[in-house]
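What follows is a set of notes on a single structure, which appears directly below.
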Number of protein chains: 4
Amino acid sequence: MTTLAVFGAGRIGTIHAGNLAANPDADVRYVVDVDEPSASRLAASCGAGVASKDDALNDKDVTAVVIATSTDTHTDLIKSAAAAGKAIFCEKPIDLNIGTAREGVNTAEQHGVQLTIGFNRRHDPSFQKIKDEIDAGTVGSVEHVSITSRDPSPPPAEYVARSGGIFRDMMIHDFDMARWLLGEEPVVVFASGSVLVDESIGEAGDIDSAVALLKTASGSLCTISNSRRCSYGYDQRIEVFGSSGMVSAGNKTATEVGTADSSGFHSEVALPFFVERYADAYRIQLDKFLRAVNGEQVDLPGAADGLRALMLADCAQESLDTGAPVAVRE
Amino acid sequence: MTTLAVFGAGRIGTIHAGNLAANPDADVRYVVDVDEPSASRLAASCGAGVASKDDALNDKDVTAVVIATSTDTHTDLIKSAAAAGKAIFCEKPIDLNIGTAREGVNTAEQHGVQLTIGFNRRHDPSFQKIKDEIDAGTVGSVEHVSITSRDPSPPPAEYVARSGGIFRDMMIHDFDMARWLLGEEPVVVFASGSVLVDESIGEAGDIDSAVALLKTASGSLCTISNSRRCSYGYDQRIEVFGSSGMVSAGNKTATEVGTADSSGFHSEVALPFFVERYADAYRIQLDKFLRAVNGEQVDLPGAADGLRALMLADCAQESLDTGAPVAVRE
Amino acid sequence: MTTLAVFGAGRIGTIHAGNLAANPDADVRYVVDVDEPSASRLAASCGAGVASKDDALNDKDVTAVVIATSTDTHTDLIKSAAAAGKAIFCEKPIDLNIGTAREGVNTAEQHGVQLTIGFNRRHDPSFQKIKDEIDAGTVGSVEHVSITSRDPSPPPAEYVARSGGIFRDMMIHDFDMARWLLGEEPVVVFASGSVLVDESIGEAGDIDSAVALLKTASGSLCTISNSRRCSYGYDQRIEVFGSSGMVSAGNKTATEVGTADSSGFHSEVALPFFVERYADAYRIQLDKFLRAVNGEQVDLPGAADGLRALMLADCAQESLDTGAPVAVRE
Amino acid sequence: MTTLAVFGAGRIGTIHAGNLAANPDADVRYVVDVDEPSASRLAASCGAGVASKDDALNDKDVTAVVIATSTDTHTDLIKSAAAAGKAIFCEKPIDLNIGTAREGVNTAEQHGVQLTIGFNRRHDPSFQKIKDEIDAGTVGSVEHVSITSRDPSPPPAEYVARSGGIFRDMMIHDFDMARWLLGEEPVVVFASGSVLVDESIGEAGDIDSAVALLKTASGSLCTISNSRRCSYGYDQRIEVFGSSGMVSAGNKTATEVGTADSSGFHSEVALPFFVERYADAYRIQLDKFLRAVNGEQVDLPGAADGLRALMLADCAQESLDTGAPVAVRE
């Protein structure tokens, strides 16, 4: 049984706390949030108490923390939790600024605490199976990874303004997938994009439709396509093409039902958004984190993965800004 | 919050107790089973105590029971629970003998207690959606219901010997689906079958491959196909054809991953068996039962449904035995 | 090069003549039809002349005939063509009366001429592949064959009146498929059906919705479902389930295009009717017939197949009329 | 009836001649090829004669020509045929050098003859339907076109050496598709690629795996992926994503058959290569060309389309060579 504190009582914090509450190996002792009503509500729903950051970190029974606060607070919390010797699960991105992010990572390393990054998609059963098939040699050597990731509808403009831009906020997940599935680091990034969905996103200095093209040292290619709007649900697909085959994952639906009539055959839209699409992934990643906290050897995305994905996002942003491909700095 | 006793600590009882334990509106107070170690194990896993049947039924706090014991004990338990004024959820079939089953149903009626039958498939999201599409008029008037139901592998011969035969043990689920989706009672049943899978099933006096053909008064048709063996998983499909369209539900799989190579395109087998395939259905049906216990108007298969499906199974068995179609007795 | 006469300038005769005209190994010399304008039109379209039955059969160059006239004229034409020593391709059914059909078959046998029956579906690439997979052992031993065959819309009442009924006119194709795929003769037939589509069909003494259940001596089962109406195109599907697997053929569509929008994913209806669905099959069967005429060893459905399928249709009609299963007479 | 001469008796010329021979509105009078045996063989197969270029062009009955010779001879033949007043169907690319290609186009314009380019994919029923759906507003405004085009196996090194490179030889088809489906000209091209399949292709100065990213003035994006090797057949897919939906075309297969066994569900590979995949498209494009020759208003890719696609290929090659995105010159 691991005793934890959950920082952040928003949408993601609520998912994490719910999964921890249902996990027989976890005991959520504290919920911490600057917004007291949110903290109380979430704490009540999972049998925890409300605490300040310091009280939560000072409790010796608490051996692990989950950080799901706003991005700009991640690094400070990582530093504090690391200093208190806690194992840390932190949402992506670590920080919008890679220098700041590195500070947090360094602190965690100095204190020798585990730091896991919430790249939940690695734990999605379909994407995990893609990885397994690649590792089993089903596709031969990987030549092209194609990732489609489309949100159902654009976020509010105020969210966009603080998001760090589509590459750091949204495509960062796909950069992590790309690295994981290519099995090799991208060395050059070219990105392009447009404001096609929502003018207020453009006014906030961001784009809402983006593509990126990555290439590794050995010549493997990756294309990523993002949109902030998708009429038919949350479109999350990956296709990996290799020398001897292909492996791909389609969207998930609520049922397996189809209908037919004089206009054709019909089936339902993709699951609406990440809460539904990645429900299993969220559950599995925290379960793995708990097992890792208890000393088990578990495959989890760590601090280096968090920094690498952020670096690719920075390169993509620079490529968009300059109109030129960007070499990834080592 | 409803306080319950669970009777039966076997495979199905364990599923039900697990779902109740995870349901915030349920409190499993007792597990009852003649096999004490099983009862203790299950009770421990869901925070309940072990009790005798009488102690469990005498506890006034217990307002509902779940009966998942061996079929031959269902009626006695229904009678006792009804006499004690408990709302009853009973696994299918009520009894292998329809006369005995009727006695239980009558007792429940006399005591005015709710009696719900565990036709879990009605709560499967895909099959529920088929029903919704029919009710919404998507297929027009229903003309043909086709049900495919194949187990992954045959049960042990000793199970078969006590099962009441494939029609009462396995196809009874499909008879319930047929009635539900046809929206009308079958009036004639023709059944046929063979021993193609396992000779020991034939030696036990049963068959392992069966088909049934039902017809309603208005002329709607239904075909059902069962097998006790299926190489590609638990094959559970329904197709409803009507005057203006079709609605169908395919199998569920663990992931949405497909591969391609020089031999073609490949996707994974169906979920292995009912525990996986109907996990949602098991959870939803108990949740609905709890809501009904608390006075909510909920659509649940009741005693009459249990008797009707059993009657169709009896007709099918008679048809197989006599080689002739059997008119359903009113 | 084989020189042929085509009897019948209706819908099917036109398909056959067109395929022969495009076949470099065939020369259609005559078109014969009691309706002179039809004969002339078809003859002109394929570079043939119009002739009387006798003139066509007396031409020594003509070594093969294609019979696509109305069913009641098949046997007389078979007898005449056989007497003239021609190889014969005859549309199904040979005759609505099995005694009459046998006379034609006997005459063909006496004259030692080839008699091929137009069970076009055996030449459909998808169904041929199903057969190949069965023969290759993909499904193990065949346990259940399921055939769905639905016409897009009901034929005119006058057609129905002369058709011999749904079993001899429509399901006869499926009986041939069943025998071919089961690899074993059905020994008992049970059929049921209703008038659900068009009351005028009922007034003509026929049904428009039918199911049949066949069983072989070894216990293999087959279910067939027919409807005279289908909103989503010509529904032609076969599924063969066996001890180690399944093989199935879905419908064909005009394109591989799908769309998605906020209401879901959509694909197009099945090809409209047999002219489109079995275009390849019609072409291939005549090509095979020509090759057989030229002495090549080719797998083609012959007279015995024509009689057997008709016998199963008779059994199904008798089963419908009597309400009881019918043993197939040897 | 249009009388034609076919230039080129190789693989593509043979396809065109065969389609013309089967078209009742076409009469192939001459086949012209420097390789006399090839010319004779093809001429015999379609009832044509062999002629020299001059004899064929001097025949006043010949009103149209099909040019399917090696690319470096296209422009000269266009000039000669234009001077002779023939309507011209010319295979893609017009020429590897855009200046030379323009000369041919200019000559055709000066003589007022029709010049159609063999972008066969525009006539593929699936891709045509994608275009129709876009035009019908199914996807709203087009935001992202994704094109996957993979050959089954690499061409011989000597072919590669004369091919003009993967962008002018292979991706040129995709550039045409992109322009057609975007409904707007790309203004910037970024391309990347690698030698992953066959080192001899690299030694010939080309690549075998390529991606291109196009952007239009309004901000629509297009990604194209090519490979010279694909284990599961000729992979030809298009997906168009827009503001209100998506339309996509999958691969075609020889049959609709699937199998299932203990390892999963299996279906067959894509059609092997362009001869099979685009059989309908090849037939339809020549039929449309004939109709256009006869004065009908038909939508056909013309000289401007041929030049534009070649220009995009040039830009892609330049982008690959320089490592930078290239603005399309107006």
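The values are calculated or read from the model by the stated rules, or taken from the named source; none is laboratory data. Predicted, not measured: the structure shown is a model, and the values here were computed from it. As a convention, Cβ positions derive from the backbone with ideal geometry for all residues, glycine included, and neighbour counts pool all protein chains shown. What goes into the accessible areas is simple: the full protein's heavy atoms, side chains included, and nothing from ligands, DNA or RNA. Shrake-Rupley method; radii C 1.70, N 1.55, O 1.52, S 1.80 Å.
Taking the inverse of the average 1/r across all pairs of different Cα atoms in chain D, what Kirkwood radius in Å do you get?
By the Kirkwood definition, the hydrodynamic radius is 20.6 Å.
From Cα pairs below 8 angstrom and at least 6 apart in sequence, can you work out the relative contact order of chain B, rounded to a whole percent?
19 percent
Over the alpha-carbon set of region B:215-288, work out the extent along each principal axis and list the three values in angstrom, largest first.
Its Cα atoms span 51, 36, 27 Å along the three principal axes.
Can you tell me the FRET efficiency between A:Thr73 and A:Glu203 if r is taken as the Cβ-Cβ distance and R0 is 25 Å, rounded to the nearest 0.05?
The computed FRET efficiency comes out at 0.40.
Run the 1.4 Å probe and let me know the accessible area of B:Leu182, rounded to the nearest 10 Å².
Its heavy atoms expose roughly 10 Å² to the probe.
Please list, in order along region A:307-322, the HN-Hα scalar couplings obtained from phi with the Karplus expression 6.51 cos²θ - 1.76 cosθ + 1.60 (θ = phi - 60°), rounded to whole Hz, x for Gly and Pro.
Listing the rounded values in order: 5, 4, 5, 5, 4, 5, 5, 4, 4, 5, 5, 5, 4, 4, 5, 9 Hz.
Treating the angle as unsigned and between 0 and 90°, give the value, to the nearest 10°, between the Cα long axis of helix B:125-135 and the longest Cα principal axis of chain B.
Helix B:125-135 sits roughly 70 degrees off the main axis of chain B.
What does the extension gain come out to for C:Ala136 and C:Ser243, with contour length at 0.36 nm per residue minus their alpha carbon separation?
Here the segment from C:Ala136 to C:Ser243 would lengthen by 37.2 nm.
Can you say what percent of the DSSP beta bridges in the protein assembly as shown, counting only those with both residues inside, are antiparallel? Round to 5.
Counting DSSP beta bridges with both partners in the protein assembly as shown, the antiparallel share is about 60 percent.
Suppose only helical runs count, i.e. DSSP H with n ≥ 4. What mean residue ellipticity at 222 nm does that imply for chain A under -39500 (n - 2.57) per run, divided by all residues and rounded to the nearest 500 deg cm²/dmol?
-11500 deg cm²/dmol
Name the residue from D:Ala26, D:Ser80, D:Val50 whose Cα lies farthest towards the positive end of the charge dipole of region D:1-94, charges +1 on Cβ of Lys and Arg and -1 on Cβ of Asp and Glu.
Most positive-ward Cα: D:Ala26.
For region C:16-83, taking Cα atoms only, what is the radius of gyration to one decimal and the Dmax to the nearest whole Å?
11.6, 32
Express in whole angstrom the spacing between the alpha-carbon centres of region C:43-82 and region B:280-320.
64 Å
Just to verify a number: what accessible area does A:Arg329 come out at with the full protein assembly present, 1.4 Å probe, Å² rounded to tens?
120 Å²
Using a 1.4 angstrom probe and counting only protein chains, how large is the accessible area of D:Lys79 in Å², to 10?
About 60 Å², ignoring ligands and nucleic acids.
Run the label-point distances for A:Gln297 please: 7 Å along Cα to Cβ, every other copy, nanometres, shortest first.
6.0, 6.1, 7.3
Residue by residue, what Karplus-based ³J(HN,Hα) values in Hz, rounded to whole numbers, does region B:167-179 have, using 6.51, -1.76 and 1.60 with θ = phi - 60° and x for Gly and Pro?
Computed from phi, the couplings for region B:167-179 are 6, 7, 8, 10, 5, 4, 4, 6, 4, 5, 4, 4, 4 Hz.
Grab the other residues whose beta carbon is less than 14 angstrom from that of D:Leu312, score K and R as +1, D and E as -1, and report the net.
Combined, the nearby Lys, Arg, Asp and Glu give -3.
Largest first and to the nearest Å, give the Cα extent of the protein assembly as shown along each principal axis.
For the protein assembly as shown, the Cα extents along the three principal axes come out at 98, 83, 43 Å.
With Cβ to Cβ distances under 9 Å as the rule, what net charge do the other residues near D:Lys288 carry (K, R +1; D, E -1)?
Summing Lys/Arg as +1 and Asp/Glu as -1 gives -2.
Farthest toward the dipole's positive end in chain A, which of A:Val326, A:Ser209, A:Ala64, given Cβ charges of +1 (Lys, Arg) and -1 (Asp, Glu) about the Cα centre?
About the Cα centre, the residue reaching furthest to the positive side is A:Ala64.
Mind listing the label-point distances from B:Ala44 to the same position on all other copies, shortest first, one decimal in nm, points 7 Å along Cα→Cβ?
Inter-copy label distances (nm, one decimal, shortest first): 3.5, 8.8, 9.3.
Place a label point 7 angstrom from the Cα of A:Val34 along the Cα-to-Cβ direction, then list the residues of region A:75-93 whose backbone nitrogen is under 20 Å away.
Of the residues in region A:75-93, A:75-82, A:90-93 have backbone N under 20 Å from the label point off A:Val34.
Please report the net charge: other residues with Cβ closer than 12 Å to the Cβ of B:Ala157, K and R +1, D and E -1.
-4
How would you classify region C:170-294 from its alpha-carbon gyration tensor, with a ≥ b ≥ c the square roots of the eigenvalues: rounded for a/c under 1.5, else prolate if a/b is greater than b/c, otherwise oblate?
It comes out rounded by the Cα gyration axes.
If you line up the long axis of helix C:11-21 against the longest principal axis of chain C, both from Cα atoms, how many degrees apart are they, to the nearest 10?
The angle comes out at about 60 degrees.
Counting only other chains, what is the mean number of Cβ atoms within 10 angstrom of the Cβ of each residue in peptide B:189-200?
4
Take the Cβ-Cβ distance between D:Ala254 and C:Ser263 as r, set R0 to 30 Å, and report the resulting FRET efficiency rounded to the nearest 0.05.
0.40
Take every residue in peptide D:214-225, count the Cβ atoms of other chains within 10 Å of its Cβ, and give the average of those counts.
Mean inter-chain Cβ contacts per residue within 10 Å come to 4.
Return the chain C residue and its Cβ-to-axis distance, rounded to the nearest Å, for the rotation relating C to A.
Per the C/A rotation axis, the closest residue of C reads C:His266, 3.
Could you give, in nm with one decimal, how far B:Gly205 is from each other copy of that position, shortest first, with labels 7 Å out from Cα toward Cβ?
4.7, 8.3, 8.7
What's the buried accessible area, both sides, between A and C using a 1.4 Å probe, rounded to 100 Å²?
Chain pair A/C: roughly 1000 Å² of buried accessible area.
On average over all directions, what projected area in square nanometres does region D:1-130 have, based on the convex hull of its Cα atoms?
Value for region D:1-130: 8.1 nm².
Over all distinct alpha-carbon pairs, what is the Kirkwood Rh of region C:149-209 in angstrom?
12.6 Å
What is the ratio of the Cα radius of gyration of region D:185-252 to 2.2 N^0.38 Å, where N is its residue count, to two decimals?
That ratio works out to 1.36.
Can you give the convex hull volume per residue for the Cα atoms of region C:92-194, as a whole number of Å³?
Cα-based convex hull of region C:92-194, divided per residue, equals 154 Å³.
³J(HN,Hα) across region A:39-46 via Karplus (A = 6.51, B = -1.76, C = 1.60, θ = phi - 60°), whole Hz, x for Gly/Pro?
Going residue by residue, I get 4, 5, 4, 5, 4, 4, 5, 10 Hz, with x marking Gly and Pro.
Let me confirm one metric for peptide D:122-129, namely the mean number of other chain beta-carbon atoms within 10 Å of its residues' beta-carbons.
3
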